[in-house]
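Below is one structure, written out as structure tokens; the observations come after it.
The values are calculated or read from the model by the stated rules, or taken from the named source; none is laboratory data. Source: prediction; values computed, not measured. Note that we place each Cβ from the backbone using ideal geometry, even for glycine, and neighbour counts take in every protein chain shown.
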Amino acid sequence: MTRIVIADASVLINLLHVDRVEICARIPGLEFVVSEHVIAEVSNPTQSDRLAELSRHLPWAPNIWMGVSVEHVRYQRRVNDLRATAARIKFLSLEPLLGPLDGLDVHGIDWVIVGGESGPGARPMEAAWVRGLRNQCVATGIPFFFKQWGGTNKKQAGRVLDGRTWDEVPAVARPDARTVLAEAS
């Protein structure tokens, strides 16, 4: 069997879009060989329900992280889709946050990112929504990253929440690139 090796991280990121994964999973002998960089991928929000199905066909290297966008309460089901994957790090991109996510189940989630919408016509984000998510993350030990308040001038609005920036990320060691390459061969 012919082995096809993909060693460029940017190519891997492009292949991990769920609308391409199915095609890649059907190529005999396809191997994913990644660099030492952490690769974070946010699934296409309209296709998160395909994650569980496609997950079993993916070689989940330790440095490939998967996340889903949940911008409103009506999309909370995406969290369950993410939980069903075998990704080592699972994260939520709660941006642009368009409403409160009271009762969001973060069990099995490794990182939460929150941010407001920016640019012309940006819808406002309330501080109470952000604080509720931050408090939930703090209480459950999940790293919390506050990206921005958003608005028409996101730099002016900044990213300070209650007197500080929130820049937490998962505390995982990146695998040595040689180890990843050796395991793939």
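Brief remarks follow.
- When each of Ser48, Ser93 is tested for being among the polar types (S, T, N, Q), within 30 Å of Gly151 (Cβ to Cβ), touching an Asp or Glu at 6+ places or on another chain (Cβ under 6 Å) and surrounded by 18 or more Cβ atoms within 10 Å (Cβ to Cβ), the lone residue that passes is Ser48.
- Those residues of region 54-87 which are of a type in the set (Ser, Thr, Tyr) and out of contact with any Phe, Trp or Tyr (no Cβ under 9 Å at 6 or more places or on another chain), in sequence order: Ser55, Tyr75
- Members of region 152-179 that are polar (S, T, N, Q), at pLDDT 85 or above and more than 14 Å from Val114 (Cβ to Cβ): Gln156
- Region 130-151, subset modelled with pLDDT under 95 and of a type in the set (Gly, Ala, Ser), residue nearest to Trp65 (Cα to Cα): Gly150
- Exactly one residue among Ala61, Ala52, Ala84 is at pLDDT 80 or above, aliphatic (A, V, I, L, M), over 12 Å from the mean Cα position of the chain (by Cα) and over 20 Å from Cys137 (Cβ atoms), and that residue is Ala84.
- Count of region 46-76 residues, restricted to those that are in a helix (DSSP H, G or I) and in contact (Cβ under 8 Å) with a residue 24 or more places away in the chain, is 10.
- Test: residue in region 152-167 that is under 22 Å from Gln76 (Cβ atoms), within 20 Å of the chain's Cα centre (by Cα) and among the acidic types (Asp, Glu): no
- Within region 105-132, tally of residues that are over 14 Å from Lys154 (Cβ atoms), touching a residue at least 40 places away in the same chain (Cβ under 8 Å) and part of a loop (DSSP other than H, G, I, E, B): 1
- Of the residues in region 143-150, at least one is in contact with a strand residue (DSSP E or B) (Cβ under 9 Å, 6 or more places away or on another chain) and small (Gly, Ala, Ser).
- Residue within region 126-135 that is in contact with a strand residue (DSSP E or B) (Cβ under 9 Å, 6 or more places away or on another chain), surrounded by fewer than 19 Cβ atoms within 10 Å (Cβ to Cβ) and farther than 19 Å from Glu168 by Cβ present: no
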